[in-house]
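This report concerns only the one structure given below.
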Amino acid sequence: MATLRVLSAGAAQAVVEDIMAQLERDTGHQVIADCGAVGAMKKRVVDGEAVDVILLTRALIDELIGSGHVVPGSVHDLGKVGTGVAVRKGTTPPDIATEAALARALGSATRIAFPDPATATAGKVIVSMLETLGIHDAVRDRFQFFPNGYAAMGWLAQTTGEGIIGMTQVSEILANPAVTYVGPFPDRFQMKATYSASVAARAAEPALARDFVSRLAAPAFRERLRTAGYEL
């Protein structure tokens, strides 16, 4: 039995888990996946960690092609993912219909959970949005950072009380049934990232890696990507 190793952006965790289950069922081989903030995942690749499939933002995949870590012709774009707002299921969703409403909602939040901007794409987008709204310094003592949006949503799902807001990539919100997706950021705050799957240049299981990527790229999988929050 072979073992396929995957390093992936947290924003793609739900669809990676779908393909993992499919590949293991169909082939009998094992898949081990680690999902997290894209900056941290890229560093692990560059530092030489053994990996067969790399799924990150297209910008970082292109950098890894340039440094010889990704097979250039193996790249498949899954789609774009935006950033949005979530609350724990069963709590009252705030009004975020306008920029002013979003600023009021965040200004009155008791805690604000999102991915660490030091390593996560979504975290950088969120900090930029808060700065543009002019409320960053006023609410920074309520920030709760996480290694990725998946972890932020997991924490949000376990909270109690009203007034707690989470923000991350839409695909990480929709993956957690215990939180409610309130809606996307206003258009001018969006920096939608394209996520791409690829075969690692030093893959120990290149054939299995190509199989994994081809399943993500299959026409039959496109509807799953849409429901997971990808814009195709």
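Remark: pairs (first residue in region 85-111, more than 16 Å from GLY161 (Cα to Cα) and modelled with pLDDT of 95 or more; second residue among the aliphatic types (A, V, I, L, M) and part of a helix (DSSP H, G or I); Cβ separation under 6 Å; 6+ apart in sequence or on different chains) = ASP95/ALA101; ILE96/LEU102; ILE96/ALA105; ALA103/LEU133.
Within region 128-137, is even one residue touching a Ser or Thr at 6+ places or on another chain (Cβ under 7 Å) and touching a residue at least 12 places away in the same chain (Cβ under 8 Å)?
As a first pass, look at region 128-137 and keep what is touching a Ser or Thr at 6+ places or on another chain (Cβ under 7 Å): none.
No, region 128-137 contains no residue that is touching a Ser or Thr at 6+ places or on another chain (Cβ under 7 Å) and touching a residue at least 12 places away in the same chain (Cβ under 8 Å).
Screening region 122-189 for helices (runs of 4 or more DSSP H) wholly inside it with 3 or more residues that are crowded, with 21+ Cβ neighbours inside 10 Å returns the ranges 149-157, 170-174. Of everything in region 31-72, what is touching a Pro at 6+ places or on another chain (Cβ under 9 Å), crowded, with 20+ Cβ neighbours inside 10 Å and more than 20 Å from LEU4 (Cβ to Cβ)? Give them in sequence order. Listed by number, the list holds a single entry, ALA37. Of the residues ALA228, ALA200, ALA193, ALA209, the single one that is at pLDDT below 95 and crowded, with 19+ Cβ neighbours inside 10 Å is ALA193. Can you report the number of residues in region 82-104 which are crowded, with 20+ Cβ neighbours inside 10 Å and part of a helix (DSSP H, G or I)? Count: 1. Can you tell me how many residues in region 30-69 are over 20 Å from the mean Cα position of the chain (by Cα) and assigned to a strand (DSSP E or B)? Counting residues in region 30-69 that are over 20 Å from the mean Cα position of the chain (by Cα) and assigned to a strand (DSSP E or B) gives 1.
The values are calculated or read from the model by the stated rules, or taken from the named source; none is laboratory data. Please read all numbers here as calculations on a predicted model, not as lab measurements. Please note: Cβ atoms are built from the backbone with ideal geometry, for glycine as well, and neighbour counts cover all protein chains shown.
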